[in-house]
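Everything below concerns the one structure shown next.
The values are calculated or read from the model by the stated rules, or taken from the named source; none is laboratory data. These figures come from a predicted structure and were not determined experimentally. Cβ: placed from backbone, ideal geometry, glycine included. Neighbour counts: every protein chain shown. Each accessible area value is taken on the protein alone, full model and side chains, heavy atoms only, with ligands, DNA and RNA left out. Shrake-Rupley method; radii C 1.70, N 1.55, O 1.52, S 1.80 Å.
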Amino acid sequence: MIEKTGDKLIVGISGATGTIFGVRLLQMLQGSGIETHLVMSKWGNRTLLHETRYSVEEVQQMASCYYPSGDQGAAISSGSFLTKGMVVAPCSVRTLAAIANGYGDNLLHRAADVILKERRKLVLVVRETPVNDVHLENMLKLSRMGVAIIPPVPAFYNHPQTIDDIVNHIVIRILNQFDIHLDTANRWDGVMATGGRFQD
């Protein structure tokens, strides 16, 4: 039997603000045929409780599989675990630095390191502002390895009406990186929604 890689995605949630991006990604992928394998850092758990109405247990149940951050023996810590790749949403600058420098002191960092060594797709939703030289150098270092750096920058051409609209748009952009296309958001078609005209 041939094992498929295209139906598994590792999802990491670190302690940066914006845990809703990881939560919404899990919600969107429920029932999509994509297996989600979740690992949350200790501070990801804490930030989730501070920022959202969800409990850690509720978010764990949104995933197909959940692994404690201290479990370095988990399946996702091995390159033999075949996946489409991994997304860390949100990604703190501490997690960014750990990944950029191969410092796998927890399962989230180790899983990302495995994705890099196996040359699979890694997407980091880096959440920090303003950024200093160290942050920029770590992002550039990883970008040169093929990592997609996607700060959760809102778009306004689609005229978002709610925070949910902004969150959904960013999560759709994240999923596009893995060639996962869900019918949950309108895509830009070049037509100005306001009816205005651009003049050069």
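Within region 39-54, the set of residues being more than 17 Å from residue 111 (Cα to Cα) and either in contact with a Cys (Cβ under 9 Å, 6 or more places away or on another chain) or β-branched (Val, Ile, Thr) (or both) comprises 47, 52.
From the list 125, 93, 87, which one is touching a residue at least 12 places away in the same chain (Cβ under 8 Å), within 12 Å of residue 39 (Cβ to Cβ) and touching a strand residue (DSSP E or B) at 6+ places or on another chain (Cβ under 9 Å)? Before you say what the answer is, go through the steps one by one.
Values: 125 fails: within 12 Å of residue 39 (Cβ to Cβ); 93 fails: within 12 Å of residue 39 (Cβ to Cβ).
Only one candidate passes the filter, namely 87.
For the residues 101, 138, the requirement of being surrounded by fewer than 20 Cβ atoms within 10 Å (Cβ to Cβ), at negative phi, more than 15 Å from the chain's Cα centre (by Cα) and not aliphatic (A, V, I, L, M) singles out 101.
Checking region 51-66 against the condition returns no match, with no residue being open to solvent by less than 30 Å² (accessible area, probe 1.4 Å), over 19 Å from residue 30 (Cα atoms), outside any loop (DSSP other than H, G, I, E, B) and touching a helix residue (DSSP H, G or I) at 6+ places or on another chain (Cβ under 6 Å).
Quick grid of which residues meet (1) in a loop (DSSP other than H, G, I, E, B); (2) under 23 Å from residue 165 (Cβ atoms); (3) modelled with pLDDT of 95 or more:
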{"site": "16", "(1), (2), (3)": "yes, yes, yes"}
{"site": "25", "(1), (2), (3)": "no, yes, yes"}
{"site": "28", "(1), (2), (3)": "no, yes, yes"}
{"site": "47", "(1), (2), (3)": "no, yes, yes"}
{"site": "72", "(1), (2), (3)": "yes, no, no"}
{"site": "86", "(1), (2), (3)": "no, no, yes"}
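Only a single criterion out of (1) within 25 Å of residue 35 (Cβ to Cβ); (2) open to solvent by less than 50 Å² (accessible area, probe 1.4 Å); (3) without any contact (Cβ under 8 Å) to a residue 12 or more places away in the chain is not satisfied by residue 167, namely (3).
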